[in-house]
């Protein structure tokens, strides 16, 4: 109790004020100015970064406006966060200097720590830089089907450090961005169906071409499938003469992520129509001679 009474003694408080008031009157306004300046600088910097990124990002026909805005928001968050850290670190150093503490040794020590951290976390830094370029260059987005370092699947999450994809079996792959040497995006802008089918050597090729093109035209006119197709599936060429079949190719340009469903429907329609038209889809056959 005596200690508390001594601390809050009027004479003690007056002596403390007389000692600190010159410093507060001299340095206090500067410290308040630094804090206010850092706050305003960070506020206006965030607005400037937001406007600059929204103007700099080129629109993508594949993305909806909502998806494009999410991409822009991600970039704004990354750059604004970095800018905020830089501004407040500088503000703290300036305030420390107002207390009469030399900031030179602090900066030198921070540089040494930064070098040590850089050596220890070089892979982390590499991953983050690679992730930043992936986002900036719009190489792939959440929802795209991609192939990365031997793994294929749908992108579930992208961060500066890793990309997470889920394959057809449901397995989740966490891939460090720095290890991605080649990214194959299978669903950007549009996709193509290239379907190879074997027909009998006895089939009339002109009839086959007409039947295939009719199938494609009817499918393109179908309300359900016309939304998924950019063009009608059509006969392209004879690709090969196999042992038991003439191989033909049918192609179509489709909306992103629709190539698998379109290919399955096209196979079904071809099988049904070929059966009606008497066009044989051959399969390997073996004749066995039994010795009597």
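I need the shape label for the stretch 186-234. Rule: rounded when a/c is under 1.5, else prolate if a/b > b/c, else oblate, with a, b, c from the alpha carbon gyration tensor.
Cα axes put the stretch 186-234 in the oblate bin.
Determine, for 253, 206, the number of other Cβ atoms within 10 Å of each Cβ, and report the residues in order from fewest to most.
Neighbour counts put them in this order, fewest first: 206, 253.
Grab the beta carbon distance between residue 194 and residue 218, set R0 = 25 Å, and tell me the FRET efficiency rounded to 0.05. The partial results should precede the final answer.
Working: r = 20 Å, r/R0 = 0.80.
That pair, residue 194 with residue 218, gives E of 0.80.
Within the stretch 212-246, list the residues whose amide N lies under 15 Å from a label point set 7 Å along Cα→Cβ of residue 260.
Counting backbone N atoms under 15 Å from the label point, the list is empty.
Rounded to two decimal places and with Rh computed the Kirkwood way over Cα pairs, what is Rg over Rh for the stretch 191-277?
My calculation of the ratio gives 0.97.
Each label point is 7 Å from the Cα along the Cα-to-Cβ direction; what then is the distance between the points at residue 210 and residue 181, in nm?
According to this spin-label approximation, the distance is 5.3 nm.
Only residues of the stretch 79-94 count here: report those whose backbone N is under 18 Å from the spot 7 Å along Cα→Cβ of residue 54, or say none.
Answer for this model: 79-81.
At 20 °C and a viscosity of 1.002 mPa s, what translational diffusion coefficient does Stokes-Einstein give for the stretch 140-185, taking Rh as the Kirkwood radius over Cα pairs? Give it in µm²/s as a whole number.
The estimated diffusion coefficient comes to 211 µm²/s.
Give the relative contact order (percent, whole number) for the stretch 191-277; include only Cα pairs under 8 Å separated by 6+ residues.
Reported relative contact order: 39 percent.
Among 32-44, 224-236, how do they line up by average Cβ neighbours within 10 Å per residue, starting with the highest?
Descending mean neighbour count gives 224-236, 32-44.
How big, in percent, is the set of alpha carbon pairs in the stretch 147-240 lying more than 17 Å apart? Walk me through the numbers on the way to the answer.
Values: 2862 of 4371 pairs.
Distances greater than 17 Å cover 65 percent of the Cα pairs.
Bear in mind these aren't lab numbers, they're just calculated from the coordinates by the rules spelled out. Fair warning: this is a prediction, and the values are worked out from it, not measured in the lab. Cβ: placed from backbone, ideal geometry, glycine included. Neighbour counts: every protein chain shown.
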